[in-house]
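What follows is a single structure, written as structure tokens, with notes after it.
Derivation of every value follows stated rules applied to the coordinates shown; laboratory data play no part. Predicted model only: the values in this text are computed from it and were never measured. Every residue, glycine among them, receives a Cβ derived from its backbone with ideal geometry; neighbour counts consider all protein chains shown.
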Amino acid sequence: MIVEYAMKQVLDSMENSVKLRSQARAERRAEEAKNAKKDFEKKLMAAETAKTELDSLAMKAKGSQDAVLRDQLMGFMMAGF
């Protein structure tokens, strides 16, 4: 009877140990996933910022090109062409 009780305690202890390790692994994976998501969101925001800046530069360049064409057209019109 004492041997059976001791064996039960050993088995319970081993089961508890396995459960705790599994829980710790799950928590670690959840933390890693959370960090990966946060890093992805940062990269996504950086990419969006870069895209916005590029779009702004493209619009500025297009506006400058349009102004040059307008000025050339005005020059031709004043010159009588």
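Observations
- Label-point separation in nm, residue 51 to residue 65, each point 7 Å along Cα→Cβ: 2.1 nm
- At R0 = 35 Å, FRET efficiency that the Cβ-Cβ distance of residue 38 and residue 3 yields, to 0.05: 0.10
- Net charge of the neighbourhood of residue 27, taken over other residues with C-beta under 13 Å away and scored Lys/Arg +1, Asp/Glu -1, is +4.
- Once the Cα-Cα distance is subtracted from the 0.36 nm per residue extended length, the residue 20 to residue 76 segment shows a gain of 11.8 nm.
- Computing Rg and the Kirkwood Rh from the Cα coordinates of the chain gives a ratio, Rg/Rh, of 1.79.
- Cα long-axis angle, helix 2-79 against the chain (0 to 90 degrees, to the nearest 10): 0 degrees
- Pairs of lysine residues in the chain - Cα separation under 15 Å, sequence separation of 8 or more or cross-chain: 5
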